[in-house]
1. Relative to the compact globular guide of 2.2 N^0.38 Å, what is the alpha carbon radius of gyration of region 14-58, as a ratio?
2. Which of G143, T167, G98 sits farthest toward the positive end of the charge dipole of the chain, with +1 on the Cβ of Lys and Arg and -1 on the Cβ of Asp and Glu?
3. Sum up the charges of everything whose Cβ sits under 14 Å from the Cβ of R163, counting Lys and Arg as +1 and Asp and Glu as -1, but leave R163 out.
4. Just the Cα atoms of region 69-177: what Rg and Dmax do they give in Å?
5. So which residue, out of Q25, Q119, Q150, gets the largest mean-square fluctuation from a GNM of the chain using Cα contacts under 10 Å as springs?
6. Among residues other than G123 whose Cβ falls under 10 Å from its Cβ, what is the net charge (Lys/Arg +1, Asp/Glu -1)?
7. Pick from D39, D103, D115: which is most flexible by mean-square fluctuation in a GNM of the chain where alpha carbon atoms under 10 Å apart are linked?
8. Whose amide H sits under 5 Å from the amide H of R89, counting only residues 5 or more places off or on another chain, with H placed in the peptide plane?
Amino acid sequence: MTPAPEGSPPLIGEDDRDTAVQRLQNAYAEGHISHEELDEGLHHVLTARAPSELVSALAALPPEQPATTSTIAVAGGRIKRGGVWRVPRILKVESAFGRVRLDLSRAVIEHEVVDIELQLGTGRAKITVPRDAVVDVEGLQAGWKDLRYQARPPSRPGGPKIRISGTMGFGRLKIRHSRRVPY
């Protein structure tokens with residue numbers, strides 16, 4: 001790539017463009033913009049050449065909330081979260097050889113959309129989601145074993161959307177909806 005001529009506005013980096021696309025997608029997933037506004041915003045972001053064009057494409061979005069991200073990592077051993085615990089907006093779980101058990105059935109979920117990013121090696125993982133949750137596993141890449149999840153319609157509207165992404169090596173991931181009625 002050749003540098004921009006002197007005096008011309010700087011070009012947009014791929015990271016900045018990807019961040020803007022992600023912000024638009026999150027605003028749509030959280031119900032802040034319509035499908036048409038998403039399409040229009042994506043067109044502006046993907047065709048923008050200067051950072052100022054990105055700013056104008058995102059100006060109509062609600063202010064960005066500070067992202068709450070937590071990372072839980074273990075090489076061997078167990079990762080276990082259950083009971084009443086606060087789920088961050090983005091939860092990164094990394095396990096090379098251990099077992100992972102996340103129970104969100106009684107957890108405090110303050111976000112409409114929760115992203116769980118998994119990096120699993122050879123261990124097993126089990127995630128229990130709230131009864132009324134909508135689960136999206138489109139971003140998950142399975143290596144050796146399959147994902148065990150049977151999608152079901154939410155028992156009531158307004159439940160959180162749980163997006164599970166990342167990679168599974170030789171381990172197995174099981175996702176199930178809680179039988180427990182939320183408080």
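1. Cα-based Rg divided by the globular estimate yields 1.04.
2. Going by the Cα projections, it comes out as G98.
3. In short, -3.
4. Rg then Dmax for region 69-177, in Å: 12.9, 39.
5. Judging by the Gaussian network model, the answer is Q150.
6. Combined, the nearby Lys, Arg, Asp and Glu give +4.
7. D39
8. Here T68 satisfy the definition.
All of the numbers you see were taken from the coordinates with simple rules; none came from a lab. Note that the structure is predicted; figures quoted are calculated from it, not measured. Using ideal geometry, Cβ is built from the backbone for each residue, glycine included, and neighbour counts are taken over all protein chains shown.
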